[in-house]
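The structure under discussion appears below in the form of structure tokens.
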Amino acid sequence: MPVTSFMVPLGTQAPAFELPAVGGGRVSLDDLKGSPATLVIFLSNHCPYVRRIEHGIGAFAADYRDRVAVVAIGSNDVVNYPDDDAPHLAEQAQRAGFGFPYLLDETQEVAAAYRAACTPDFFLYDGELRLAYRGEFDDARPRNDAPVTGAALRAAADAVLAGGRPSGAQQPSLGCGIKWKPGNEPS
């Protein structure tokens, strides 16, 4: 059953994090500071909603490389969903052309802090790390023929980069619910 974003209030400050990357090393929110915009994406390898748009996410990151800092976070319970473990996320990053860090949130504390609900779940912040957009990538879904364009996220990023604010009429992201470990489910 598909799950939608919680639609965190706009203007919310980005929660700090420091997580291991699937390729080694650690990445923190501080490492992303200084960019005119920052995109935090909660992803998974096994979800058909993510699979449908993953190449588009890679293309978005490449197109906005010097203007939007991008990081993906995998927060699913890898014991019960082993396709979302580090080796599988690394395969996905290569397959989809992700030129950005893919981080592991094994405790799921970062997903909870961001109020992430689904994969994919997009959080676009302005240069001061205030939430400017949370919502869908575009209209593409596993069972439709809509082209993968990233139109909604691209429009939001363009507005932030121009010094403005994206439209307040934002459509929630739709995808697979984050696979919470027992006791970690959001209340």
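The values are calculated or read from the model by the stated rules, or taken from the named source; none is laboratory data. This one's a predicted model, so the numbers in the text were calculated from it and none came from an experiment. Note that each Cβ is placed from the backbone with ideal geometry, even for glycine, and that neighbours are counted across all protein chains shown. Accessible surface is based on the protein model in full, side chains and every heavy atom, while ligands, DNA and RNA are left aside. Shrake-Rupley method; radii C 1.70, N 1.55, O 1.52, S 1.80 Å.
Things worth noting here:
- Mean residue ellipticity, 222 nm, helices only, the chain: the sum of -39500 (n - 2.57) across DSSP H runs of n ≥ 4, divided by residue count and rounded to 500, is -7000 deg cm²/dmol.
- A Förster radius of 30 Å, combined with the Cβ-Cβ distance separating residue 151 from residue 8, puts the computed FRET efficiency at roughly 0.90.
- In range of the label at residue 184: residues from region 101-142 whose backbone nitrogen is under 17 Å from the point 7 Å along Cα→Cβ: 102-121
- Sorting 138, 158 by accessible area puts them as 158, 138; the probe is 1.4 Å, largest comes first, and only protein heavy atoms count.
- In the context of the full set of protein chains, the chain has a per residue accessible area of 45 Å² (1.4 Å probe).
- Shape of region 112-187, Cα gyration tensor, a/c cut at 1.5: oblate
- A simple spin-label model places the labels of residue 91 and residue 171 3.1 nm from each other, with each point 7 Å out along Cα-to-Cβ.
- Antiparallel content of DSSP bridges confined to region 1-115, in %, to 5: 30 percent
- Share of carbon and sulfur in the accessible area of the chain stands at 51%, probe radius 1.4 Å.
- Site pair residue 107 and residue 30 shows an inter-label distance of 1.6 nm when each label is modelled 7 Å from Cα along Cα→Cβ.
- Cα gyration tensor, the chain - rounded (a/c under 1.5), prolate or oblate: rounded
- For region 1-93: rounded, prolate or oblate by the Cα gyration tensor [a/c cutoff 1.5]: rounded
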